[in-house]
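Encoded as structure tokens, the structure appears first; notes follow it.
Here, each number is a calculation from the coordinates, and none is a lab measurement. Bear in mind that the values here come from a model prediction, so they are computed numbers and not experimental data. Here the Cβ positions follow ideal geometry from the backbone for every residue, glycine too, while neighbour counts run over all protein chains shown.
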Amino acid sequence: MNIYFFTFGCKVNICETENMKELFSEAGYTIFETEQEADIFIINSCTVTENGDKKMKKELRRIRRTYPDSIIVLTGCFPQAFPDEAKKIPEADIIIGTKNRNELVKIVSGYINKRQKIVNICEYTRNEAFESCSNKGYKDNTRAFMKIQDGCGMFCTYCIIPYSRGNFRSKSIDDIISETDMLASAGHKEIVLTGINLSFYGADCGKRLADAVEAVCMNDRIERIRLSSLEPEMLTDEDIKRLAKQEKLCPHFHLSLQSGCDKTLKAMHRRYLSSDYEKIVNSLRDNFKDCSITTDIMTGFPGETEEDFCVSLKFAESIGFAKAHIFPYSQRKGTPAADMPDQIPQEIKYRRAAEMEKALSRSREKFLQDQIGKVFPVLFEREKDDGIHNGFTPNYTKVKILTKYSDKSLRNELFYVKIIRAEKDLCIGEIVSNH
């Protein structure tokens, strides 16, 4: 039978979807890149925001309306966090959470035989092992993602993730080494390490994130390693110094801030102060040449006054982010913040987000301007039909080469590129030599 996958949410979900594709392929199913010929639809859900839930439910209704005889599977964070609500979704024939997805092929086969609705949502318990989700390769991507961590026990007051992912769990070093070898054999030169709370890799087994990075760096065929989103709590000076010794580790750190106001950080139940965050940023910049820092910032958290917002804005400007994802707070059912008093009106939240966006766009422009004249190794990923080559520097600056370098594709090739000018959200460069 033919299967089509929908993936909502983060890079962790991308990893998990690729793992499910492999499992179904090995079982004899055909994975399609377009939905028209599919018999089975698998929706890997994200539930970080209620808006994301609405999009997912709308997609379920569309699939059922368009393909009434298809089998629809709903998996991921939404059913895990809200099992009672998920069970009532009429469009889904099979409902499974974030646990035991290695059993999904068998579950689907059971449904095909009996055609009776299946709900299989298992609660997490403490001290669970990391559920294996290795991938052999990403055929459409030059960059491969490796999930090495799952779960979160921090319980920030706005976040539903601890309820949908359980406590901290880490992939073993042996499994990391094995998966790295598989991804290298598939032709990947760059690996992105991902996790629900990546900074806490090893918290359950006496390891540190640097141990995982060092394990990947051991493979001679891998030329670059990147880290996905990080929380500040577990990045000590010692950790940063260990990471800096790994020349393959790219100097780009997406370090989640959420707010630059200490009062708001405390209300969010974040475990650091703005001064702690600044110290980590300074240490990263001291230890990594051409380091870029990107972040997430929330506006309009319950109780955030105009003065609190101004403090957050001023702090964010002072850091000099290469890029920032700005978003207004939205109430998330099931979290403490949703029931807090002093909810901020929508128009104020969005106005503050727009002000923050405008201010930090200037930081983005300055960062791009600062790249001019520098030479970086660029891993080329795609080229458009007009022959323009696209790639990324180690510090995750997008670069375009405006003229054809050769008749052949440069995809998955590394070249040294000199940055000659900056545009709105990328840089223009020229190739100066082979890697």
Exercise. Restricting to the range 143-364, what percent of DSSP beta bridges are antiparallel, rounded to 5?
Worked result: 10 percent
For this session: Find how much the distance from Asp342 to Phe32 grows on full extension, using 0.36 nm per residue of separation minus their present alpha carbon separation; answer in nm with one decimal.
Result: 106.8 nm
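Could the peptides 86-96, 25-35 be put in order, highest first, of the mean number of other beta-carbon atoms found within 10 Å of their residues?
Sorting 86-96, 25-35 by mean packing, highest first, produces 86-96, 25-35.
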For this session: Looking at the chain, send over the antiparallel percent of its DSSP beta bridges, to the nearest 5.
Result: 35 percent
Problem set entry | Of Leu243, Ile148, Ser228, farthest towards positive along the dipole that unit charges on Lys, Arg, Asp, Glu beta carbons give the chain | Ser228
Exercise. How high is the FRET efficiency from His325 to Lys366, r the C-beta distance, R0 25 Å, rounded to 0.05?
Worked result: 0.90
For this session: Along Cα→Cβ, 7 Å out, is where each label goes; now give me the distance between the ones at Glu50 and Cys205 in nm to one decimal.
Result: 3.9 nm
Problem set entry | Length released on extending from Glu357 to Asp69, taking residue separation times 0.36 nm less the Cα-Cα span | 99.1 nm
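How much length is gained on full extension from Phe155 to Gln246, taking 0.36 nm per residue of separation minus their Cα-Cα distance?
29.6 nm
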Exercise. Is the range 35-74 rounded, prolate or oblate when judged by the Cα gyration tensor, a ≥ b ≥ c being the square roots of its eigenvalues, rounded requiring a/c under 1.5 and prolate requiring a/b larger than b/c?
Worked result: prolate
Exercise. What whole number of Å gives the distance from the Cα centroid of the range 317-392 to the Cα centroid of the range 80-112?
Worked result: 35 Å
Seminar exercise, completed: Yeah, the range 2-120 with a ≥ b ≥ c from its alpha-carbon gyration tensor (a/c under 1.5 is rounded, else prolate when a/b outruns b/c, oblate otherwise) is rounded
For this session: Could you give log10 I(q)/I(0) at q = 0.07 Å⁻¹ for the chain, computed by the Debye formula over C-alpha point scatterers of equal weight, without solvent?
Result: -0.37
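Do the sum for the chain: with -39,500 (n - 2.57) for every DSSP H run of n ≥ 4, divided by all residues, what is the mean residue ellipticity at 222 nm, to the nearest 500 deg cm²/dmol?
Values: 13 runs with 149 residues, N = 435.
My calculation for the chain gives -10500 deg cm²/dmol from helical runs alone.
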Seminar exercise, completed: For 64-73, 149-158, ranked highest to lowest by mean beta-carbon neighbours within 10 Å, the order is 149-158, 64-73
Exercise. For the range 166-262, what is the Kirkwood hydrodynamic radius in Å, using each pair of distinct C-alpha atoms?
Worked result: 14.0 Å
For this session: Order the peptides 223-230, 51-58, 176-183 from the highest to the lowest mean number of other Cβ atoms within 10 Å of their residues.
Result: 223-230, 176-183, 51-58
